[in-house]
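Report on one structure; see the data block that follows.
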Amino acid sequence: QVQLVESGGGLVQPGGSLRLSCVASGSIFSINVMGWYRQAPGKQRELVATIAHTGSTNYADSVTGRFTISRDSAKKWVYLQMNNLKPEDTAVYYCNYKDLSRGWRDYWGQGTQVTVSS
């Protein structure tokens, strides 16, 4: 069992910045991946960025160069620094966790709303 709690969402103007945080609790295993996904109204949930236990990262093309994912040394916190935000970034952002011991089953946070608008 893994619990995830996100924070940091809000309303921001185009070109602004936000920093999202997520903390995991429960049984965290060494070989894991944490990341951020987002879902806009009427669209499917899509990958934003992931970071593995090795530090290897993966980004969606739409956010490359603007967003940065990171995690702490204890591997229970993951962050998403979002710069130069655009209206098309508006979505509910979800924290995600998966690990090898659980067969890569997805665990999700409750989501945090990010709205980019003038």
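Here's the yes/no breakdown for (1) of a type in the set (A, V, I, L, M, F, W, C); (2) touching a Lys or Arg at 6+ places or on another chain (Cβ under 9 Å); (3) farther than 17 Å from Gln3 by Cβ; (4) exposed (fewer than 12 other Cβ atoms within 10 Å of the Cβ):
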{"position": "Met34", "(1), (2), (3), (4)": "yes, yes, no, no"}
{"position": "Gln44", "(1), (2), (3), (4)": "no, no, yes, yes"}
{"position": "Ser70", "(1), (2), (3), (4)": "no, no, yes, no"}
{"position": "Ala74", "(1), (2), (3), (4)": "yes, no, no, yes"}
{"position": "Lys98", "(1), (2), (3), (4)": "no, yes, no, no"}
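Test of understanding: among Val63, Val48, Val114, Val92, which residue is over 19 Å from Ile28 (Cβ atoms), in a loop (DSSP other than H, G, I, E, B), β-branched (Val, Ile, Thr) and touching a residue at least 12 places away in the same chain (Cβ under 8 Å)?
On the way: Val48 fails: in a loop (DSSP other than H, G, I, E, B); Val114 fails: in a loop (DSSP other than H, G, I, E, B); Val92 fails: in a loop (DSSP other than H, G, I, E, B).
It is Val63.
With the structure loaded, tell me whether Pro14 is within 15 Å of Thr115 (Cβ to Cβ) and without any contact (Cβ under 8 Å) to a residue 40 or more places away in the chain or whether it fails that test. Walk me through it before giving the result.
Details: within 15 Å of Thr115 (Cβ to Cβ): yes; without any contact (Cβ under 8 Å) to a residue 40 or more places away in the chain: no.
Criteria not met by Pro14.
Would you check which residues across the stretch 46-57 are open to solvent by less than 80 Å² (accessible area, probe 1.4 Å) and either out of contact with any Phe, Trp or Tyr (no Cβ under 6 Å at 6 or more places or on another chain) or among the acidic types (Asp, Glu) (or both) and list them?
Of all residues in the stretch 46-57, those open to solvent by less than 80 Å² (accessible area, probe 1.4 Å) come to 47-53, 55-57.
Passing the criteria: Thr50, Ile51, Ala52, His53, Gly55, Ser56, Thr57.
How about the stretch 17-29: which of its residues are within 12 Å of Lys75 (Cα to Cα) and in contact (Cβ under 8 Å) with a residue 60 or more places away in the chain?
Once the filter is applied, which keeps residues that are within 12 Å of Lys75 (Cα to Cα) and in contact (Cβ under 8 Å) with a residue 60 or more places away in the chain, the stretch 17-29 yields Cys22, Ala24, Ile28, Phe29.
Return the residue satisfying two criteria in turn: it lies in the stretch 25-45 and is part of a loop (DSSP other than H, G, I, E, B) and among the polar types (S, T, N, Q), and of such residues it is modelled with the highest pLDDT. Before you say what the answer is, go through the steps one by one.
In the first step, residues of the stretch 25-45 are kept if they are part of a loop (DSSP other than H, G, I, E, B); the result is 27-31, 40-45.
Narrowing further to those that are among the polar types (S, T, N, Q): 27, 30, 44.
Working: Ser27: 92, Ser30: 91, Gln44: 97.
Selected residue: Gln44.
Just to be sure before I move on: is Ser56 farther than 14 Å from Thr112 by Cα and in contact with a Leu (Cβ under 9 Å, 6 or more places away or on another chain) in the structure I sent? Quick ask: steps written out before the conclusion?
Numbers: farther than 14 Å from Thr112 by Cα: yes; in contact with a Leu (Cβ under 9 Å, 6 or more places away or on another chain): no.
So Ser56 fails the test.
Among the residues of the stretch 73-89, count how many are on the phi < 0 side of the Ramachandran plot, modelled with pLDDT of 95 or more and over 13 Å from the mean Cα position of the chain (by Cα).
Total meeting the criteria: 5.
The values are calculated or read from the model by the stated rules, or taken from the named source; none is laboratory data. Being a predicted model, the structure only gives us computed values, none of them experimental. When we count neighbours, we look across all protein chains shown, and the Cβ atoms used for this are built from the backbone with ideal geometry, even at glycine. Ligands, DNA and RNA are excluded from the accessible area calculation, which covers all protein heavy atoms including side chains. Shrake-Rupley method; radii C 1.70, N 1.55, O 1.52, S 1.80 Å.
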